[in-house]
Amino acid sequence: MYSFDYERPSGINEAVSAIGEDDKFLAGGQTLLPTLKLRLAQADKLVDLGGIAELKGISVNDSEVTIGAMTRHVDVADSADVKSAIPALSFLASHIGDAQVRNRGTIGGSISNNDPAADYPAALLGLGATVHTNKRSISADDFFVDLFETALEEDELVTKVTFPIPEKAGYAKFPNPASRYALTGVFVAKTANGVRVAVTGAGTCVFRQTDMEAALSSNFAADAISGIKTESSGLSADIHASAEYRANLISVMAARAVKAAS
Amino acid sequence: MSVENGIGASVRRKEDQRFITGNGHYLDDMNKVGQAYGYFLRSPHAFAKIKSIDLSAAKAAPGVVDIFTGADMVADGIGGLICGWGITSKDGSPHNAPPHNSMAVDAVRHVGDQVAFVIAESLEQAKNASELIEVDYDVQTPVTNIAKALAPGAPQIHEEAPGNLCYDWELGDKAAVDAAFANAAHVSKIDLVNNRLSPNPMEPRAALGEYDMGSGDLTLYTTSQNPHVARLIMSAFLGIAPENKLRVVAPDVGGGFGSKIFVYAEETTTIWAARKINRPVKWTADRSEAFLTDAHGRDHVTHAELAMDNDGKILAFRVSTQANMGAYLSTFASAVPTYLYGTLLSGQYKIPSIYVEVQAGFTNTTPVDAYRGAGRPEATYVVERMMETAARDLGMDPTEFRLKNFIQPDAYPYETPVIMTYDSGDYPLAMNMAKDMIDYSGFAARKAQSEANGKIRGIGTAAYIEACGIAPSAAVGSLGAGVGLWESAEVRFNPTGSVTVFTGSHSHGQGHETTFAQIIADKLGVPIESVEVVHGDTSKVPFGMGTYGSRSLAVGGSAIVKAVDKIVEKSKKIAAHLMEASVEDIEHDHGVFSVAGTDKQMTMGEIAFAAYVPHNYPADLEPGMAENAFYDPLNFTFPAGTHIAEVEIDPSTGIVDIVDWAAVDDFGNVINPMIVEGQVHGGVAQGVGQALLEGVIYDEESGQLLTGSYMDYCMPRADDLPNFRVATTNTPCPSNPLGVKGCGEAGAIAAPAALMNAIVNALGKDINMPATPEKVWRAINNN
């Protein structure tokens, strides 16, 4: 770790005005801190968002679940309100990384980092969530741009995420045996605006499987997608899995997610 | 008379209180006044010549105390690291052991090779300065794969080792084997890869060097499994300091699995540098360095063939192996694929003739050496995958095939065609017990049930054997070892009756403080709370060969028993004098000395007190109650047993679920059944890791390590493992006074073969370790 300055503001505006060109926001730190420790990243200053009360918390009404950016995975996993409104979201949060990661990691940090194998992007894209920042609101379809790239500008900070409550939704994940990130994870939701199928871990960025969406729109059942393959070209390949294997996992996980949907 | 907490009792481990409450004394917890911090600049390249190193900017950086390179150590007369076991090739030539400097002199040969040692007031400053060192590398094409390294035209890694060959070794009667194959009714063949593993002890390696200018004494605190051997090598071969001026201390050490046996560059450099700067220097590896530099394990490629008669009886076994040594020859690396491997290829079987040849070679990878089991897991993997394949080829049940070919319980001592003389055992008993425990006969019904659920079930067996209690000095000496593998102990009574035991074994998780105390409690009636076990300090313990190869109890424990025998002998003389009887009439039972046929008796405590306050004492006896013993075993010990694994595979993902596991191990007599069971659990977990999850991967083109963190190198976790059914059989070992065989490695030796046999049984075809979900899925889907 290289040395850096550290600030812990108590308000959103204060945090945004504190951030300079070579500075970084610190959320749960589950990616940033190990990267800094390995000297793979460097910051002049860390602006710790942990002291900003308005970024934390969960609220649920008839149509939406709203989660503050600095809400930890464990809090989403354990929330009775989330469990009752969108059980798949609570299930997803309870399977992120390990207990230590869930006790520190936050939804805002996770989606801002946009790791291609992170779990939350699948939930946002699958549920058609909206990301709120200090400047604007961004639909999940527009938020996740590419590998570790989002629509966020330099001085833009995620404040909360709103999830429309679906008719039913399910998430199935095949964890990377080593890291327990998603080797492939599929989030399936039947919503007022149609069926959405979001895939994480298999490509450079979370994406929608539109063939499956079409099939599930006419029949929301695992059998409806049993014949649908995903083209492996363009999917990720690394020491953990080939593109062909990930393509297979998309089919298997999608079917499991549909079966699990509630 | 039975004794509380004696031999056979599952006593809770005395040492766990301090470990669990964070009161252990691990190396990085230690700090010395005036201490500086060391950091190694390491090679980013797998293979490169060093054209120049410019330290000027780095030396001027804030906080830098000094920076050293390999050239500085050479100029100071410090020798290279050594390999302590000489192997002779088929043609009679000694193995090639190219120079292995602690820091690179003219070339780097693996990613992570040491280039410079930066010492600063803080670790951050040392790291910052290391980034200012300018090294001009002439990058060479690397080779990481052993088959490619030994093929013609491969990059030449060391001038001293043409064709990258370390040795081309053989064992057994080639002509007899060839003849048996020529006349065999059946021949089965198998090709195997034994994957490369990273040892991953919980505590990374570390060193703290200290120099006393007044006395000239050097003290090295280090994470060692064998501090005396480290001192011997550093003194005799590297010239760090004479043995009497070098103290090596290994305090609480957080696991080793073999990787802390070896004398490494970093520890050596740290103690040398402490004298150079006349200040204490501390170096602690981070996890990335551990992946790059802790000696790896396994990495064999093997072809094996088994010849059988019409009746399914084994006639001969032929094995050819290529073993990857890495970039340099580590401390005991040469012995692992030879005398710790080829000598175990008879397994539990009566095989009339065996021939094995092993080519060991260099690659641009981290050195490979002993890792839990060391050679014996490789042997068991070859033998037991071979047996399963042969049974399948013959259409026989694999357990019946084994039972037909086992060495029978009345055949001991049994001399194998590959040097070893097995001393005791009952192989059919262990196999039949394991089959009962796992309901082997009910497998077909369970398989049908799995099939109905869309799953594929498999069952696999491994009947392993290992040679432990390493080792009879004369035997290993004749095979090329540079050391004798005896052990020492001192049992010292304090005047008030408590006992301090000094052992040359070293505990880094094994529980010696409890097990050895149980021996004292049992033999001398001393409560285990009153027994202190001291280990890991060359200034306290007479000498020691350390802990590895499941040797601590069989060899170190036997040394303690020999010292206890001397204590008893002396105590009898004192008791006879004090109770006015003749020595012949004194009877000893668990620390109580009585005069035969009378009610006169004295306790061990009373006698020890009399020995230190000898107001009324035999005229011909020395006062005091402390005895030393050195024990050199008569033979190896031969733990053996059967593990059976049952798996269920999900064909849609290829994921392997281990649904059942039966382990029956013959460890001879058992001192603490709970600790033994824990060792079996841990060993099996490591074996499961090898079979399913673990594997060091290098990029073949660049030689970069791709599995350099836990994000990519997969360690087994609790939820990867089933509940184990564990049992022991206990045929006492005839070659040591405790009748014990050793239990530390059995699980890691048996598990990979049992599990892979189960997977192969389910799939109906061979795959190599690790059996990752994708590999299994591809095998099922034929792509």
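The values are calculated or read from the model by the stated rules, or taken from the named source; none is laboratory data. It should be emphasised that the depicted structure is a prediction, and the values quoted were computed from it without experimental measurement. Every residue, glycine as well, gets a Cβ built from its backbone with ideal geometry; the counts of neighbours run over all protein chains shown. Calculation scope for accessible area: heavy atoms of the full protein, side chains included, ligands and nucleic acids excluded. Shrake-Rupley method; radii C 1.70, N 1.55, O 1.52, S 1.80 Å.
The figures follow:
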item	result
Residue check for B:Asn757: closer than 17 Å to B:Ile459 by Cβ, away from chain A (no Cβ under 14 Å), touching a residue at least 40 places away in the same chain (Cβ under 8 Å) and open to solvent by less than 10 Å² (accessible area, probe 1.4 Å)	yes
Residue ID - least open to solvent (accessible area, probe 1.4 Å), chosen from residues in the range A:181-216 that are among the aromatic types (Phe, Trp, Tyr) and not in a loop (DSSP other than H, G, I, E, B)	A:Phe187
Residue in the range B:141-158 that is open to solvent by less than 30 Å² (accessible area, probe 1.4 Å), touching a Pro at 6+ places or on another chain (Cβ under 6 Å) and assigned to a loop (DSSP other than H, G, I, E, B) present	yes
Selected residue (only one of B:Arg318, B:Arg298 is among the basic types (Lys, Arg) and open to solvent by less than 20 Å² (accessible area, probe 1.4 Å))	B:Arg298
Exclusive hit being modelled with pLDDT of 95 or more and within 14 Å of chain B (Cβ to nearest Cβ), set A:Leu55, A:Leu92, A:Leu36, A:Leu49	A:Leu36
Every residue from the range B:458-490 that is open to solvent by less than 10 Å² (accessible area, probe 1.4 Å) and part of a helix (DSSP H, G or I)	B:Val476
Restricting the range B:354-387 to residues that are over 20 Å from the mean Cα position of the chain (by Cα) and open to solvent by 10 Å² or more (accessible area, probe 1.4 Å), the residue that is nearest to B:Ala750 (Cα to Cα)	B:Glu357
Total residues in the range B:255-281, condition closer than 15 Å to B:Ile240 by Cα, in a loop (DSSP other than H, G, I, E, B) and touching a Phe, Trp or Tyr at 6+ places or on another chain (Cβ under 8 Å)	1
Any hit, the range B:705-719, residues being away from chain A (no Cβ under 14 Å), at pLDDT 95 or above and open to solvent by 10 Å² or more (accessible area, probe 1.4 Å)	no
Residue that is nearest to A:Ala140 (Cα to Cα), among those in the range A:180-205 that are of a type in the set (Gly, Ala, Ser) and at pLDDT 95 or above	A:Ala198
Those residues of the range B:639-655 which are open to solvent by 20 Å² or more (accessible area, probe 1.4 Å), within 14 Å of chain A (Cβ to nearest Cβ) and part of a strand (DSSP E or B), in sequence order	B:Asp650, B:Ile655
Verdict on B:Ala180 being at negative phi, surrounded by fewer than 18 Cβ atoms within 10 Å (Cβ to Cβ) and part of a helix (DSSP H, G or I)	no
Candidate set from the range B:111-137 (those that are assigned to a loop (DSSP other than H, G, I, E, B) and open to solvent by 70 Å² or more (accessible area, probe 1.4 Å)); member that is nearest to B:Ala323 (Cα to Cα)	B:Glu131
Filter pass, B:Asn730 being out of contact with any Lys or Arg (no Cβ under 8 Å at 6 or more places or on another chain) and on the phi > 0 side of the Ramachandran plot	no
Whichever residue in the range B:321-347 is in contact with a Lys or Arg (Cβ under 8 Å, 6 or more places away or on another chain), in a loop (DSSP other than H, G, I, E, B) and open to solvent by less than 10 Å² (accessible area, probe 1.4 Å) and, among such residues, is nearest to B:Val476 (Cα to Cα)	B:Tyr341
Odd one out for B:Glu701, checked against (1) away from every other protein chain (no Cβ under 11 Å); (2) buried (at least 18 other Cβ atoms within 10 Å of the Cβ); (3) at pLDDT 95 or above	(2)
Subset of the range A:217-262 [within 12 Å of chain B (Cβ to nearest Cβ), touching a Phe, Trp or Tyr at 6+ places or on another chain (Cβ under 8 Å) and open to solvent by 30 Å² or more (accessible area, probe 1.4 Å)]	A:Asn248
Selection from the range B:388-414 of residues that are crowded, with 20+ Cβ neighbours inside 10 Å and part of a loop (DSSP other than H, G, I, E, B)	B:Ile407
Subset of the range B:348-363 that is part of a loop (DSSP other than H, G, I, E, B) and out of contact with any Asp or Glu (no Cβ under 9 Å at 6 or more places or on another chain) - its residue that is nearest to B:Gln704 (Cα to Cα)	B:Phe362
Residue list for the range B:664-678, restricted to those being of a type outside the set (Gly, Ala, Ser) and either open to solvent by less than 10 Å² (accessible area, probe 1.4 Å) or in contact with a helix residue (DSSP H, G or I) (Cβ under 7 Å, 6 or more places away or on another chain) (or both)	B:Val664, B:Asp665, B:Asp666, B:Phe667, B:Val670, B:Ile671, B:Asn672, B:Ile675
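So that you can scan it fast, the table gives a plain yes or no per residue for (1) touching a residue at least 24 places away in the same chain (Cβ under 8 Å); (2) in a helix (DSSP H, G or I):
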site	(1), (2)
B:Met234	yes, yes
B:Ile240	yes, no
B:Asn244	no, yes
B:Val253	yes, no
